[in-house]
Amino acid sequence: MSTNFSSALTHPVFKVVSQIASEKGISAFVIGGFVRDLIIGRPSKDIDIVVLGNGLELAQLSAEKLRVKKVSLFKNFGTAHFAYKDLDVEFVGARKESYRSDSRKPIVEDGTLQDDQNRRDFTINALALSLNIETFGNLIDPFNGLKDIELGIIRTPLEPDITYSDDPLRMLRAIRFATQLNFKIETKSLESILRQSDRLKIISQERINEELNKIILADQPSRGFILLKSTQLLHQFFPEMIALVGIETIDGKSHKDNFYHTLEVLDNVAEKSDSLWLRWAAILHDIAKPPTKRFDKEIGWTFHGHEDLGARMVPRIFTRMRLPLDQKMKYVQKLVRLHLRPIALVKGTVTDSAIRRLLNEAGDDIEDLMTLCNADITSKNEFKVKKYKQNFEIVSLKLKDVEEKDQIRNFQPPVTGELIMQTFGVGPCAEIGIIKSQIKESILEGTIPNEYEAAYAEMLRIGAELGLKIEA
Ligand code: CTP
């Protein structure tokens, strides 16, 4: 007896397509990610319908019946698309594809449903549900994809060498699905990916990023990165991260493996935040440790200045990886540059002025910086972690306290350049900048409060020192 999912296909789209397909005497099936997610119980808004026959006509007639006005037809590809309520519905003729070794672009011919299922990436993505009236909701599962969902296994329908060689992006997709769904990749697949990892070079960086960012946004992204490393896919597009791998020992002194440390920080951040760019900051926070690594006979391993060099590496990495070169990059850069600052406070005595300076530099990103910093407290020594976490709490409280008192986050100087010019009867000149930055220093240092009266008096004092006279 075949497994039937008709009770899950209650959406009007399926009824309408089914009815019209039957009137026209053609066969249609829901296929791919939608079926997979339906079985797993993940919400999905993309419906792919594969048609044996004229997919364009079926799309048009279904859209009319559903009163959808806009249907996009791609005659050259034999595909059609429309949006219905919050769903995206795509129609495509069943296809048979064959690939050449130097390109992702296949030679496409019309095919059977079986041909169409053969060309798909994984058994869990090759599941189809019939929309034909007599067999409505029947599962067509030639590769035991349902079983693989139950067992949590990523497996290719054909020999892995063929499936991955047809489209090397699938090597990344295997890892992406394994990470998102918490599935295992079958060993044969992993071996095949390792053998042909360098074929990723024919894939555009944008497509790589789409998968990479999905891995980064998973609940436990470290799982994906460990697979990316062991299959050597990471080597193809992120050598800086591979450089973090490894432990060196001199005179019995070792440093931690910065790759695994980075992944721990990334997972810690992922527990607290869904922000892609905060997660990128976690990935890059120690990226300059390899080039700054030194061994000192007295103190052991050091990575002096890795936060500054790391911040300088961010634009280079973003440019090469075609990540956005806008505010998002600036944000990541800022967090990388400042990531040691709260921890430095944690280790030493916490003065108000150090807190004010940090607030002033971090601005509205202070909470994210603190999340990153808290996530960065990793050590095998539980006692150390506990102590740092306690101190971290003290710094957090103090931050709140100072902020409430001083409102320093988005610092606006209480005395303007305009007022300085008026008071001393001068035009634009270097002294204005000097006065303003000295007032700011005094506020950050805590010698005067962040208030107009005090700042005005400070302006008069500094002006006098600079030899400026008050305008009568
Ligand atoms: N597919 C494939 N090879 C690829 C990309 C996609 O075989 N390189 C097939 C799979 O059957 C997949 C379907 O096309 O299920 C739709 O692809 P896509 O929308 O990219 O992914 P989904 O599987 O729907 O997953 P998600 O929505 O999570 O991206």
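The values are calculated or read from the model by the stated rules, or taken from the named source; none is laboratory data. Everything numeric here is computed off the predicted structure, so don't read it as measured data. As a convention, Cβ positions derive from the backbone with ideal geometry for all residues, glycine included, and neighbour counts pool all protein chains shown. Remember, those area values only see protein heavy atoms, side chains included, never the ligands or the DNA or RNA. Shrake-Rupley method; radii C 1.70, N 1.55, O 1.52, S 1.80 Å.
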Among residues of the range 357-393, those that are open to solvent by 20 Å² or more (accessible area, probe 1.4 Å) and more than 21 Å from the chain's Cα centre (by Cα), counted: 17
Search result, residues across the range 14-35 that are open to solvent by less than 10 Å² (accessible area, probe 1.4 Å), assigned to a helix (DSSP H, G or I) and within 16 Å of the ligand (Cβ to nearest atom): 35
Count of residues meeting criterion [assigned to a helix (DSSP H, G or I) and either in contact (Cβ under 8 Å) with a residue 60 or more places away in the chain or farther than 18 Å from residue 343 by Cβ (or both)] in the range 298-322: 9
Flag for residue 470 being of a type outside the set (Ser, Thr, Tyr) and either surrounded by 15 or more Cβ atoms within 10 Å (Cβ to Cβ) or at pLDDT 95 or above (or both): no
Enumeration of residues in the range 231-264 that are acidic (Asp, Glu) and at pLDDT below 95: 248, 251
Among (1) over 30 Å from residue 372 (Cα atoms); (2) in contact with a helix residue (DSSP H, G or I) (Cβ under 6 Å, 6 or more places away or on another chain); (3) not in a helix (DSSP H, G or I) - the single one residue 411 does not satisfy: (1)
Matching entry among 73, 38, 87 (being away from the ligand (no atom under 11 Å from the Cβ), over 30 Å from residue 196 (Cβ atoms) and either modelled with pLDDT of 95 or more or in contact with a Phe, Trp or Tyr (Cβ under 9 Å, 6 or more places away or on another chain) (or both)): 38
Failed item in (1) among the hydrophobic types (A, V, I, L, M, F, W, C); (2) without any contact (Cβ under 8 Å) to a residue 40 or more places away in the chain; (3) part of a helix (DSSP H, G or I), with residue 377 passing the rest: (3)
Residue that is nearest to residue 302 (Cα to Cα), among those in the range 252-265 that are hydrophobic (A, V, I, L, M, F, W, C) and without any contact (Cβ under 8 Å) to a residue 60 or more places away in the chain: 259
Selected residue [within 25 Å of residue 267 (Cα to Cα), among the β-branched types (Val, Ile, Thr), under 23 Å from the mean Cα position of the chain (by Cα) and at pLDDT 95 or above] from 203, 215: 215
Filter pass, residue 461 being assigned to a loop (DSSP other than H, G, I, E, B) and basic (Lys, Arg): no
Close pairs (8 angstrom Cβ cut-off, 6 or more residues apart or separate chains): of a type in the set (Phe, Trp, Tyr) in the range 25-51, within 11 Å of the ligand (Cβ to nearest atom) anywhere: 29/50; 29/128; 34/44; 34/46; 34/47; 34/48
Some residue of the range 177-190 being touching a Leu at 6+ places or on another chain (Cβ under 9 Å), modelled with pLDDT of 95 or more and either on the phi > 0 side of the Ramachandran plot or assigned to a strand (DSSP E or B) (or both): yes
Scan of the range 191-203 for residues that are within 13 Å of the ligand (Cβ to nearest atom) and outside any helix (DSSP H, G or I), ordered by number: 203
Test result for residue 262, over 14 Å from the mean Cα position of the chain (by Cα), within 20 Å of residue 331 (Cβ to Cβ) and buried (at least 21 other Cβ atoms within 10 Å of the Cβ): yes
Residue list for the range 203-221, filter: of a type in the set (Gly, Ala, Ser) and either open to solvent by 10 Å² or more (accessible area, probe 1.4 Å) or in contact (Cβ under 8 Å) with a residue 60 or more places away in the chain (or both): 204
Within the range 140-169, tally of residues that are within 15 Å of the ligand (Cβ to nearest atom) and either open to solvent by less than 20 Å² (accessible area, probe 1.4 Å) or closer than 18 Å to residue 35 by Cβ (or both): 18
Long-range neighbours under 7 Å by Cβ, at least six apart or interchain, first residue touching a residue at least 40 places away in the same chain (Cβ under 8 Å) within the range 130-143, second of a type in the set (Phe, Trp, Tyr): 130/29; 130/136; 131/14; 131/29; 137/5; 139/5; 140/29
All positions within the range 338-350 that are of a type outside the set (A, V, I, L, M, F, W, C), surrounded by 21 or more Cβ atoms within 10 Å (Cβ to Cβ) and over 15 Å from residue 279 (Cβ atoms): 342
Residues (away from the ligand (no atom under 11 Å from the Cβ) and under 10 Å from residue 91 (Cβ atoms)) located in the range 41-70: 49, 51, 54, 55, 56, 57, 58, 59, 60, 62, 63
Of residues in the range 170-190 being touching a residue at least 40 places away in the same chain (Cβ under 8 Å) and open to solvent by 30 Å² or more (accessible area, probe 1.4 Å), the one farthest from the ligand (Cβ to nearest atom): 190
Residue 437, sole failed condition from (1) open to solvent by 60 Å² or more (accessible area, probe 1.4 Å); (2) within 25 Å of residue 339 (Cβ to Cβ); (3) without any contact (Cβ under 8 Å) to a residue 24 or more places away in the chain; (4) not β-branched (Val, Ile, Thr): (2)
